[in-house]
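To start, the structure under review is shown below, and the notes come after it.
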Amino acid sequence: MHKVELIATATFGLEKVIAREIEQLGYTVDHIADGRVYFRAGVDAICRCNLWLRSADRLLLRIGSFDAFDFGELFDLTYSLPWQDWLPEDACFPVNGRSIRSQLSSVPACQRIVKKAIVQKLMDSYQTDWLGETGAEFSIEVALLKDKATLTLDTTGAGLHKRGY
């Protein structure tokens, strides 16, 4: 089965609780960081974790991670990721970003570059000149920390705490 990299986000201090919940679902935790629990699992884990994780805020699918010291690298390496595997041709995909201690400190510029690279990749993959963005929304985040870019796709939508009972 094809394994994907998943990140369960958490309120600071609840990481161990979420790691235990992930292990109870039958998955192995790779490592724990402040506010995040990283693990690998099959694609079916996306649905299971969104249904059964009780303490996590969101579940993110890590599309890729790489060093990015300039906008050209950010564009090229974002373009090289398999976006067509996760986004349909009519996908609406806003790009959110953040940058901490990186050379690429302009968050709006990083968001534009990532959006442009994904649009170009999808246009090339689907052999079209236009992406209408009329379909479902897929929220993408570019997070830059010490010149390392991590691109994730939010699989949760509204936060998990809004599920109700």
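All of the numbers you see were taken from the coordinates with simple rules; none came from a lab. None of these values were measured; they are calculated from a predicted model. Positions of Cβ are generated from backbone atoms using ideal geometry, with glycine treated the same way; all protein chains shown enter the neighbour counts.
Okay, which of the stretch 1-37 sit inside 16 Å, backbone N to the point 7 Å along the Cα-Cβ direction of Ser65? Residues 4-10, 28-37 fall inside that zone. For the chain, the membrane-span-like helices by this rule, meaning whole DSSP H stretches whose C-alpha atoms cover at least 15 Å of axis and whose Kyte-Doolittle mean is -0.5 or above, are 107-126; this says nothing about an actual membrane.
Placing pseudo-labels 7 Å out from each Cα toward the beta carbon at Glu73 and Thr28 gives an inter-label distance of 3.1 nm. Dividing the summed -39500 (n - 2.57) terms of all DSSP H runs of n ≥ 4 by the residue count of the chain sets its mean residue ellipticity at 222 nm at -9000 deg cm²/dmol.
Around the Cα centre of the chain, unit charges on the Cβ atoms of Lys, Arg, Asp and Glu (plus for the first two, minus for the last two) sum to a dipole of about 640 debye. Loop-located trypsin sites (Lys or Arg not before Pro) in the stretch 27-120 (DSSP state other than H, G, I, E, B) with a sparse environment of at most 14 neighbouring Cβ atoms within 10 Å: Arg54, Arg101.
When the P(r) is computed for the stretch 81-165, the part past 21 Å accounts for 36% of the Cα-Cα pairs. Maximal additional length on extending the Asn96-Arg20 stretch stands at 24.4 nm, based on 0.36 nm per residue less the C-alpha distance.
Listed by chain and number, the aspartates and glutamates whose C-alpha is less than 16 Å from the C-alpha of Lys162, apart from same-chain residues fewer than 8 away, are Asp57, Asp154.
When the alpha carbon gyration tensor of the chain is reduced to an equivalent ellipsoid, the three semi-axes, largest first, read 27, 19, 14 Å.
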